Amino acid sequence: MTEKKTIVIGVTGGIAAYKVTDLVSRLKKRGFEVEVMMTEAAQELVAPLTFRVISGRPVRLDLFDESEGDPAEVEHIAIADRADLIVIVPATANIMAKAAAGIADDLVSTVILAADSPVLYFPAMNTRMWEHPATQNSVAVLRERGFKVVDPAEGRLACGTVGRGRLPDIETLEEKILAVMAESERERDYAGKTVLITAGPTEEPIDPVRCITNHSSGKMGCALAKAALRRGAEVHLVCGPIRVDPPAGVRVYPVRTALEMKAQTEALYDAADVTIMAAAVADYRVKDAAAQKIKKDGSTLTLELTPNPDILASLGERKHGVLVGFAAETERLAENARRKLEQKHVDMIVANDVSPASGVFGGDTNTVAIFRKNGATDCPKMTKEALADVILDEIKNLEETKE
Ligand code: CTP
């Protein structure tokens, strides 16, 4: 049996607050747990007891209320943790301004700030308040951060005027809520999976102050880590010296050289369901790196390089789960990618055009083709973030066809 999903409804002080009782009742009938929290102003408009009866749960009113809930829990964090979705309805200009500014001075605004679930706002207010640049700015900030703000409807408003500002009808609210729930469910398609990702360049020492490295920034590997985490995976990120911050929530294993990356990746490989080698591993290291800084003496300096082991190929020899490699190519992309697919015994190669004209190194976009044993997909130029989701989609498809 799947667990019941919890929708936390934050009711703020708009005249439309009374309509939310019907919404709570409908969501309950659909099998959701519904937990209501109210601001002080909302309590002036609808008695908390009404929501308590309809939701069948205590109504949360106060940040410092000791009477309800588990004394071992920090109440606002516990509410945020329980929520699969938070819906603010009606959302006043005030609550959106606070959420946009990160102000947490009552229970509802504090739960919003503590939430890692999606937050859906249904604003309802007088037209001039809705159109005010301050409100429009809050809405823009919230949307930019990925929160959904549904435009209010047009019609007769409580203040007697006609214009935009009405709460949409209950059916519309219900539909939007169901759509967001379905979307977030689908998006957690990596729940229960462990994803191992390598990222960035490696650094091969020449002496204590110099090294051989390459232009990889680590952005692609970090974008993959972020997307896999968002989609519910436990993510292990083995990274060389990258130029971006790894996403919070990912387990990071910093390494420097190819040999260190090999040891760390191999140690984590058995527990991984999906392994993606996005690192640009140096193919060679200096044979005998100097223990002290090399002094110049005017003559030429010859470094003897010795090949590094191919980490991906060695994982391919004991392959399990899904194994994905990248191929950085400046020419004959398809031919080289197909050869790597065969030789390294991997399920998928994401082939990158890294010719200088592509601007891929350190840039925010990437143009790739994805090669599988049974075919290939050409991807248009897109951001590394968007590509990360495309790669994860392809891996999912591959897993499903294998089953
Ligand atoms: N790779 C690896 N270990 C290495 C070199 C590469 O694990 N020593 C992995 C990379 O992480 C990538 C894939 O192999 O997923 C292909 O890397 P790429 O540099 O394109 O190819 P190479 O195999 O090194 O071949 P070449 O440099 O000749 O193109």
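The values are calculated or read from the model by the stated rules, or taken from the named source; none is laboratory data. The structure presented is a predicted model; accordingly, all values stated were derived computationally and were not measured. We place every Cβ from the backbone using ideal geometry, glycine too, and count neighbours over all the protein chains shown. Ligands, DNA and RNA are excluded from the accessible area calculation, which covers all protein heavy atoms including side chains. Shrake-Rupley method; radii C 1.70, N 1.55, O 1.52, S 1.80 Å.
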**OP:** May I ask you to list the residues in segment 20-40 that are closer than 20 Å to residue 152 by Cβ and either open to solvent by 50 Å² or more (accessible area, probe 1.4 Å) or part of a loop (DSSP other than H, G, I, E, B) (or both)?
**Re:** 22, 26, 39
Original post:
Which residues, counting only those in segment 163-179, are in contact (Cβ under 8 Å) with a residue 24 or more places away in the chain, open to solvent by 60 Å² or more (accessible area, probe 1.4 Å) and out of contact with any helix residue (DSSP H, G or I) (no Cβ under 7 Å at 6 or more places or on another chain)?
Top reply: 166, 176
**OP:** Scan 63, 113 and give me the residue that is touching a residue at least 40 places away in the same chain (Cβ under 8 Å), among the hydrophobic types (A, V, I, L, M, F, W, C) and surrounded by fewer than 20 Cβ atoms within 10 Å (Cβ to Cβ).
**Re:** 63
Subject >> Residue pairs meeting the criteria (Cβ under 8 Å; at least 6 apart or on separate chains; first closer than 12 Å to residue 189 by Cα, in segment 391-403; second surrounded by fewer than 17 Cβ atoms within 10 Å (Cβ to Cβ)) >> reply: 396/189
Original post:
Which ones in segment 329-345 are within 8 Å of the ligand (Cβ to nearest atom) and either in contact (Cβ under 8 Å) with a residue 40 or more places away in the chain or under 31 Å from the mean Cα position of the chain (by Cα) (or both)?
Top reply: 329, 340, 344
Original post:
Out of (1) closer than 25 Å to residue 27 by Cβ; (2) over 24 Å from the mean Cα position of the chain (by Cα); (3) in a helix (DSSP H, G or I), what's the single condition that is false for residue 110?
Top reply: (2)
Original post:
Looking at (1) assigned to a strand (DSSP E or B); (2) away from the ligand (no atom under 12 Å from the Cβ); (3) surrounded by 17 or more Cβ atoms within 10 Å (Cβ to Cβ), can you tell me which one residue 326 breaks?
Top reply: (2)
Subject >> Failed item, numbered, when residue 351 is tested on (1) free of Cβ contacts under 8 Å to residues at least 40 places away in the same chain; (2) buried (at least 17 other Cβ atoms within 10 Å of the Cβ); (3) under 18 Å from residue 227 (Cβ atoms) >> reply: (3)
Original post:
Can you find a residue in segment 304-320 that is more than 10 Å from the ligand (Cβ to nearest atom) and within 23 Å of residue 230 (Cα to Cα)?
Top reply: no
**OP:** Tell me which of these residue 397 doesn't satisfy, since it passes every other one: (1) modelled with pLDDT of 95 or more; (2) in a helix (DSSP H, G or I).
**Re:** (1)
Original post:
In segment 247-279, which residues are touching a Gly at 6+ places or on another chain (Cβ under 7 Å) and either within 12 Å of the ligand (Cβ to nearest atom) or outside the structural domain of residue 207 (by TED's automatic domain parsing) (or both)?
Top reply: 261, 275, 277, 278, 279
**OP:** For segment 280-294, state whether one or more residues are among the basic types (Lys, Arg), more than 8 Å from the ligand (Cβ to nearest atom) and at pLDDT below 95.
**Re:** no
Original post:
Looking at (1) within 29 Å of residue 193 (Cα to Cα); (2) surrounded by 13 or more Cβ atoms within 10 Å (Cβ to Cβ), which is the one condition that is false for residue 320?
Top reply: (2)
Subject >> Which numbered condition residue 120 misses (of (1) in contact with a Phe, Trp or Tyr (Cβ under 8 Å, 6 or more places away or on another chain); (2) in the same structural domain as residue 275 (by TED's automatic domain parsing)) >> reply: (2)
Original post:
Considering only segment 365-376, how many residues are over 14 Å from residue 328 (Cα atoms) and surrounded by 14 or more Cβ atoms within 10 Å (Cβ to Cβ)?
Top reply: 3
**OP:** Considering (1) more than 18 Å from residue 170 (Cβ to Cβ); (2) modelled with pLDDT of 95 or more, say which one residue 3 fails and leave the rest.
**Re:** (2)
Subject >> Scope segment 346-358; condition touching a Phe, Trp or Tyr at 6+ places or on another chain (Cβ under 8 Å) and within 9 Å of the ligand (Cβ to nearest atom); matching residues >> reply: 349, 350, 351, 352, 354
Original post:
Restricting the search to segment 196-218, which residues are at pLDDT 95 or above, surrounded by fewer than 24 Cβ atoms within 10 Å (Cβ to Cβ), of a type outside the set (A, V, I, L, M, F, W, C) and not in a strand (DSSP E or B)?
Top reply: 203, 208, 213
Original post:
Mind checking which residues of segment 116-149 are open to solvent by 20 Å² or more (accessible area, probe 1.4 Å), of a type in the set (A, V, I, L, M, F, W, C) and more than 18 Å from residue 13 (Cβ to Cβ)?
Top reply: 140, 141, 147
